[in-house]
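What follows draws every value from the coordinates through simple rules; no lab data is involved. Given the structure is predicted, the values throughout are model-derived calculations rather than measurements. Methodologically, a virtual Cβ is constructed for each residue, glycine included, from the backbone with ideal geometry; neighbour enumeration extends over all protein chains shown.
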Amino acid sequence: MVNDIDKLISQMTLHEKVMLCTGDNMWKTKAYEHLGIPSILMSDGSSGVRFQKNSDVSGDISFYESISGSFDSAEAVANTHEATCFPSNSTVSCSWNPELVYEIGQAIARECRRLGIHLLLGPGMNIRRHPLTARNFEYYSEDPCLTGEIAAAMVKGVQDGGVGASPKHFACHNSDTKRTRVNVTVEERALREIYLAGFERVVRKARPATIMSAYNKINGVQTSEDPELLNGILRGEWGFDGVVVSDWGAVKDAAAATRAGLDLQMPLSLSSSAYLENAVRNGELDEELIDLRVKNIVQLIFRLTENYEPLAEVDFTEHHRLARAAAAESIVLLKNEQGVLPLAPGKAKKLAVVGRLAAEPLYQGTGCAIVNAKEVDIPLEHIRKLCPEGMEVRYAPGYHADGSTDAALLEEADLLAREADVVLVFAGAFLPEESDDYNRKDMDIEPGHEQLIAAICAANPNTVLILANGESVMMPWADQAKAVLETWFSGEGMGEALATILFGHVNPSGKLSATIPEKLSDTPAFLSFPGNLTELHYSEGIYVGYRYYDMKGIAPRYPFGHGLSYTQFAYSNLTLSEPEVHLPSVLKLTVDITNTGEVYGKEVVQLYLAQPHSKLPRPPQELKGFAKVALHPGETKSVEFLLEERDFACYNPECGEWSAASGSYTFRVGASSRDIRLTAEVQVSNPAEPVAKFRTDSGFPELLQNETARQIFYQFMIENGLVTPEQVDNKLDELLAGSFWGILSFMDMHSAGVITYEKMNDVIQRINALLEEAAPGRQ
Ligand code: BGC
């Protein structure tokens with residue numbers, strides 16, 4: 001096969017090659033029938049397929065026509081093929097259930113195959129750094145472990161279903177203001193531990209067919225043109241063997257992108273292909289580099305087309321059932337005082353449903369993630385349907401479709417609420433229109449919705465709030481309500497899923513995949529978001545999400561991992577396979593979970609790790625694993641976690657690699673990041689712990705801590721007549737370790753010219769060489 005591709009490439013003209021490095025149109029690659037290279041078709045869709053009806057038309061349209069219309073208009077949606085709208089990524093991550101996400105991936109793949117799509121442009125998986133980022137609903141979590149696990153399940157599901165995936169946007173695409181040109185400045189540790197770690201997990205676990213590079217720059221370099229990011233980290237370190245595709249219109253310099261490792265520039269760019277062709281002809285760009293890109297693209301095309309099985313039909317009824325199940329697993333019960341939920345005839349005879357969103361649900365986001373849902377469950381209808389005999393349901397809209405309200409609407413809802421035993425208030429936050437300044441302006445729900453909540457909470461103490469928003473909102477009014485259910489953007493099955501939870505047919509099991517702050521000014525990136533014009537500095541470093549709230553001791557409104565159930569779970573018997581682990585051995589941790597309540601339910605068991613005496617600063621805890629267990633009342637199950645070297649490691653910027661330091665660590669097992677039930681300590685020893693290379697400006701404390709380095713250096717001092725062997729034994733360590741100067745400066749000041757630059761460089765090189773010999777692979 002490899003030889004065949006090389007042969008094919010040798011038969012291609014330069015023009016044919018460069019035309020394959022860009023799209024044939026908006027959504028396709030170019031086909032070369034005479035060479036037996038078909039085209040592949042791609043389409044958006046993290047949580048459902050967004051396939052435009054005119055996608056296969058490459059025809060000529062005027063400039064004006066081509067810039068008219070938006071993604072979100074009713075016309076644009078109607079012009080999109082029908083598909084199943086699953087919960088958004090920010091929602092489905094609250095299920096903490098990779099198996100479920102895998103199933104969704106498979107369903108999406110089937111819908112792709114029905115439409116002839118070979119490559120799905122998703123999932124979106126950037127870190128939810130700041131809650132105002134408009135596209136956060138397309139991303140999974142503030143935590144890289146949860147993000148990576150869920151994204152890997154999605155990619156596997158899609159790809160096992162016979163379609164390629166394109167995790168996006170690689171990397172640091174965490175804000176939508178000036179998103180096509182913002183320059184993110186981020187320290188290397190945060191880049192590795194927070195922003196790249198999820199992508200790394202996906203590449204290693206799920207082998208995605210492609211990765212989509214982002215629009216932004218990182219530390220001054222365009223991500224699509226960054227050789228260290230694409231050729232170095234992605235391909236070199238992680239072993240990515242697929243195609244790097246650009247975000248739509250993200251390439252500024254096609255030759256730089258080609259050199260850096262970007263294969264496919266989307267969509268069609270005639271100016272780029274002409275530029276590449278000229279660059280080769282002028283000798284500025286090596287044709288072999290183009291060949292390498294073409295080879296990757298052709299390999300991808302064959303990978304995605306060779307066994308491709310188009311589907312004439314898919315079972316949309318079954319997919320709708322899956323969308324409902326996914327919504328039901330992802331909705332989070334944030335608060336439930338006095339067991340107001342689930343609703344039962346004994347607790348309520350008259351139920352008031354207020355808020356237009358009950359009849360016209362808000363269940364998905366906008367832009368390139370929008371889906372033309374085939375069938376949408378209406379919450380009000382399903383509440384009426386599931387409402388037990390003897391319970392009456394009455395409805396008032398409470399506000400207008402645009403989110404505003406007026407006295408008449410409020411009064412009507414208020415009257416209904418006063419006569420009811422329990423009131424369900426539907427409220428939410430709409431997304432802004434896509435623009436160059438697309439981030440949300442605040443974390444508030446719609447003003448009319450807020451007014452309605454205030455009125456109803458004053459009218460009836462048994463108020464249940466049902467929220468719909470793609471990312472967290474401020475909820476000062478939550479204190480006045482008895483219960484709060486967060487439905488997020490939970491897709492077309494939300495209406496039924498919600499009703500099953502309200503009436504206790506389904507026990508809620510969603511847990512927060514991002515912290516809900518008390519107020520905007522508490523958020524980690526508050527001071528640096530969305531940045532100065534096009535400069536965006538990630539000032540909080542590694543302290544993103546709960547890592548920040550924990551470090552600062554700030555109480556969020558609801559912590560990461562929080563979510564209530566209609567039953568209770570007890571945690572016991574936390575056991576480690578060894579009290580001490582010698583890396584690279586794997587450690588096994590087990591814990592028993594018991595359903596101590598009355599009803600069947602699912603618990604998300606979360607495993608965090610702390611390293612209290614770390615040399616490098618570390619957050620108080622980091623998520624290292626999780627498991628969702630289903631338990632009948634009285635049932636106990638044992639949950640097992642396997643911890644590898646990497647789980648203990650942080651990224652050591654001095655050594656330029658991941659490093660698991662020897663020392664003591666604490667496992668923290670719990671029901672949320674702030675509800676830790678059990679802890680256990682483990683001693684870790686790592687014989688291959690990386691050490692930074694010594695330099696002439698290294699300090700004496702580091703040098704003297706390393707016995708090999710210490711001995712060579714003292715020998716060097718003796719040989720140069722600076723100290724005697726007796727002086728070495730007599731307090732020399734103490735005298736030198738007190739220095740705050742680098743080694744060279746200190747020796748220079750005290751050796752009267754005996755220690756030259758050359759001598760110093762020589763001894764440092766000897767030390768490094770010896771250490772490298774003793775521990776190969778050391779930096
Ligand atoms: C978005 C991508 C999307 C692409 C194609 C871009 O503007 O950032 O997420 O896949 O358009 O629609």
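For this structure, a couple of remarks:
- Label positions at Leu415 and Ser521, each projected 7 Å from the Cα along the C-beta direction, are separated by 4.3 nm.
- Calculated FRET efficiency for the pair Leu289/Glu65, C-beta based, R₀ 45 Å, to 0.05: 0.80
- Set of the stretch 609-624 residues, backbone N closer than 12 Å to the point 7 Å along the Cα-Cβ line of Glu654: 615-617
- Considering only Thr185, Pro687, Val763, the residue lying farthest towards the positive end of the dipole of the chain is Pro687, judged by Cα position with unit charges set on Cβ.
- For the stretch 332-507, with +1 on Lys and Arg beta carbons and -1 on Asp and Glu, the positive-most of Ile456, Ala407, Asn507 along the dipole: Asn507
- Under 12 Å, Cβ to Cβ, from Arg179 - net charge with Lys/Arg +1 and Asp/Glu -1: -1
- The trypsin sites (Lys or Arg not before Pro) of the stretch 576-656 that DSSP puts in a loop, and whose beta carbon has at most 13 other beta carbons within 10 Å, are Lys615.
- Computed log₁₀ I(q)/I(0) - Debye formula, equal Cα scatterers, no solvent, the chain, q 0.05, 0.06, 0.10 Å⁻¹: -0.30, -0.43, -1.06
- Over the chain, relative contact order from alpha-carbon pairs under 8 Å, at least 6 apart, %: 13 percent
- Cβ-Cβ distance of Thr180 and Leu14, R₀ of 35 Å, FRET efficiency by 1/(1 + (r/R0)^6): the value works out to about 0.75.
- Nearest 10 degrees, 0 to 90: helix 707-719 Cα axis against the chain principal axis: 30 degrees
- Helix 287-305 and the longest principal axis of the Cα set of the chain meet at an angle near 40°.
- Loop chymotrypsin sites (Phe, Trp or Tyr not before Pro), the stretch 708-769 (other Cβ atoms within 10 Å of the site Cβ: 13 or fewer; DSSP): Phe740
- Between the residues Leu357, Val423, Ser664, the greatest Cα displacement towards the positive end of the dipole of the chain, with unit charges on the Cβ of Lys, Arg, Asp and Glu, is found for Val423.
- The simple Förster model, with R0 at 45 Å and r as the Cβ-Cβ distance, assigns Ala408 and Tyr600 a FRET efficiency of 0.50.
- Given charges at beta-carbon only (K, R positive; D, E negative), |dipole| of the chain in Debye: 860 debye
- Peptide ranges 212-223, 383-394, 266-277 listed from the most packed, as the mean C-beta count within 10 angstrom indicates: 212-223, 266-277, 383-394
- Pair Glu375, Ser685: separation of 7 Å Cα→Cβ label points (nm): 6.3 nm
- Euclidean distance of C-alpha centroids, the stretch 190-237 and the stretch 73-143, integer Å: 20 Å
- Spatial offset of the stretch 710-746 relative to the stretch 322-357 amounts to 72 Å, using the alpha carbon center of each.
- Over the Cα atoms of the stretch 700-778, the radius of gyration divided by the Kirkwood radius equals 0.95; this is the Rg/Rh ratio.
- Summary of packing: across the peptides 554-561, 436-443, 565-572, the per-residue average of other C-beta atoms within 10 Å ranks them, highest first, as 554-561, 565-572, 436-443.
- Computed from phi, the 3J(HN,Hα) profile of the stretch 125-131 under the Karplus parametrisation 6.51, -1.76, 1.60 (θ = phi - 60°) reads 8, 6, 6, 7, 5, 9, x Hz, with x in place of Gly and Pro.
- Local electrostatic count, Ala417, Cβ distance below 12 Å [Lys/Arg +1, Asp/Glu -1]: -2
- Neighbour net charge for Ile290 - beta-carbon separation under 11 angstrom, K R +1, D E -1: -3
- Every helix of 4 or more DSSP H residues in the chain counts as -39500 (n - 2.57), and over all residues that averages to -8500 deg cm²/dmol at 222 nm.
- Cα long-axis angle, helix 447-459 against the chain (0 to 90 degrees, to the nearest 10): 60 degrees
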